[in-house]
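J.: Quick one: the structure is below, questions incoming.
Derivation of every value follows stated rules applied to the coordinates shown; laboratory data play no part. Model, not experiment: these values are computed from the prediction. Glycine also receives a Cβ, built like all others from the backbone with ideal geometry; neighbour counts cover every protein chain displayed.
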Amino acid sequence: MIPLKMFVSERRAANLLAQVRWRDGIYCPRCRAESAIRYGSYRVFQRYLCKDCGRTFNDKTGTVFEQSTIPLRKWYLAVCSYIRLNTSIRQLDAELAVSYKTVYRRVQRFLRALDAPRPQVEGPVEIDELYVNAGKKGRERDQPSRSRGLSTRGRGTYHEDKPPVFIIADRGTGETYVHPAKAADESTIRLLLDDGKEESLTVYTDGFRAYGPLDEDDAFDRQYVVHSEGEYADGDVHVNTCESHASLARRWLSPHRGISKDKLTPYLRALQLRKRVRRKPGDEALKTILETAL
Ligand SMILES: [Zn+2]
C-alpha cells in the first residue's frame, strides 16, 4: 500500500520524478523548446541544457518541489500519507521532522497544483449540497446536525462562512464530483449541470428551492429524491450516492481542523484524487499523485 522504497532513497525518488515529469518528453521549462540535452547533474537530479535559449534546468525546475529544501523522499511520504491516510499536517510535521509552517506551506502548494476537472456529466445525475463551517482563517467548530426537511434545510454561503459544497453523482459515467461553490444558487447549479447537449438531462434533486428553476427548463428533466431521514419507499440507491459522498467529504475534512474557506477547494481536490488512487498499489498510486501535480 505504501511504496516504502521511494521513502529511503533520494535517488529513486528523483528517478520517479524525472519519469513522471518528462512522460511526454523533455522540454525546457522556460522556452518550452524540446531541444534539451543532458548536462551534468544537480545533486541527485539530472541537469539539462536547452539548446534554444541556452539555459540550464533540472528535473525539479518549475515544479512544486523546486524551492523545497526538504528531500523529495520526505515529500513523497507526506503526500502519500496525506492522500492515502488523510494524515493531518500536525502529524506530518512530527513524522518528517520539519516545521509545521514549512509542511503546511508545501502541502498547500502541492494541493493547489492538483488538477481540478470540471464535471463533465453524461446523466442522469444526482445533485445535492452540504455546508461546511469554514471562516476566513478557519475555526474549530463542528457542523450541528440539521434536519433535512424541505423547509428547514441548512444552507449557507461563502460570505457567511458556511460555503456550500456540491456533490454531483453522474450515473452515466459513475463519476462523483465534489465541488465547493460561493453560493447554492441557480446560476451555480446551471454551470455545474451544463452538459452542452441537446437532449434534456435527468437530474435528481431534493426540494431545495435553488433547484426550482430546473422544473421550467426544457434542458432538464427534474426528478425528486427524498433524503434518508425522511420517509421514502424502499432503498433507492440513487438517493444515497450523494449522501454517502457528503459524509465522506465531511470525514475527509475533519482531521484538518480550522480549514479556511479559501482552502476548501484544494483540500477537496485531494479527496477527488484519493478516490482515484484508492485501489491502486503503492507505486502506481504515488505515480498517479505526481502526474496530477506535475
Ligand atoms: Zn529553453
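J.: Tell me, Arg190, Arg23, Arg171 in order of fewest to most beta-carbon neighbours within 10 Å?
T.: Ranking Arg190, Arg23, Arg171 by Cβ neighbours within 10 Å, fewest first, gives Arg23, Arg190, Arg171.
J.: Could you give the dipole magnitude of the stretch 49-139 about its Cα centre, charging the beta-carbon of Lys and Arg +1 and that of Asp and Glu -1, in debye to the nearest 20?
T.: Roughly 660 debye for the stretch 49-139.
J.: Please work out whether the stretch 12-119 counts as rounded, prolate or oblate from its C-alpha gyration tensor, where a ≥ b ≥ c are the square roots of the eigenvalues and a/c under 1.5 means rounded, while otherwise a/b larger than b/c means prolate and anything else oblate?
T.: Verdict is prolate for the stretch 12-119.
J.: Considering amide H positions built from the backbone, and no H for Pro or chain starts, which residues 5 or more places from Leu201, or on another chain, come under 5 Å of its amide H?
T.: It is Phe220, Asp221, by chain and number.
J.: Spin-label point model (7 Å from Cα, Cβ direction): what's the Glu160 to Tyr224 distance in nm?
T.: 2.4
J.: With point charges of +1 on the Cβ of Lys and Arg and -1 on the Cβ of Asp and Glu, referenced to the Cα centre of the chain, which listed residue (Gly207, Leu72, Gly196) lies farthest in the positive direction of the dipole?
T.: The Cα lying farthest towards the positive end belongs to Leu72.
J.: Would you kindly state how much longer the chain becomes between Ser247 and Glu284 on full extension, computed as 0.36 nm times their sequence separation minus their alpha carbon distance, in nm to one decimal?
T.: Answer, rounded to one decimal: 10.6 nm.
J.: Further, regarding this structure: At a Förster distance of 35 Å, what's the computed FRET efficiency of Ser200 paired with Glu95, Cβ-Cβ distance as r, to 0.05?
T.: The value I calculate is 0.10.
J.: Let me ask something else about it. Could you list Trp75, Trp252 so that the one with the fewest beta carbons within 10 Å of its beta carbon is first and the one with the most is last?
T.: Least crowded to most crowded, the residues run Trp252, Trp75.
J.: Suppose we keep just the DSSP beta bridges with both residues in the chain; what percent of those would be antiparallel, to 5?
T.: Antiparallel bridges make up about 75 percent of those DSSP assigns within the chain.
J.: What pairs in Lys60/Lys182; Lys263/Lys287; Lys60/Lys275; Lys182/Lys275 have C-alpha atoms more than 32 Å from each other?
T.: As for pairs spanning more than 32 Å Cα to Cα, those are Lys60/Lys182.
J.: Return, in residue-number order, each cysteine of the chain whose C-beta is not under 4.7 Å from any other cysteine's C-beta.
T.: Cys80, Cys242 - these cysteines have no disulfide-compatible partner (Cβ-Cβ under 4.7 Å) in the chain.
J.: While we're here: Take the Cα atoms of the chain, find their three principal axes, and give me the spread along each one in whole Å, biggest first.
T.: For the chain, the Cα extents along the three principal axes come out at 67, 45, 35 Å.
J.: What's the magnitude of the charge dipole for the chain around its Cα centre, counting Lys and Arg as +1 and Asp and Glu as -1 at the beta-carbon? Answer in Debye, nearest 20.
T.: Rounded to the nearest 20 debye, it is 2720 debye.
J.: Now for a separate question. Using a basic spin-label model with each label point 7 Å from the Cα along Cα→Cβ, how many nm lie between Ile70 and Glu10?
T.: 1.5
J.: Amide H of Tyr39 versus every other amide H placed in the peptide plane: which residues, excluding those fewer than 5 positions away on the same chain, fall under 5 Å?
T.: Arg47, Tyr48, Leu49
J.: If you rank Lys162, Lys182, Lys74 by fewest surrounding Cβ atoms within 10 Å, what's the result?
T.: By the 10 Å Cβ count, ascending, the order reads Lys182, Lys162, Lys74.
J.: Put a dot 7 Å past each Cα toward the Cβ at Leu85 and Arg257; how far apart are the dots in nm?
T.: Once both label points are built, they end up 2.0 nm from each other.
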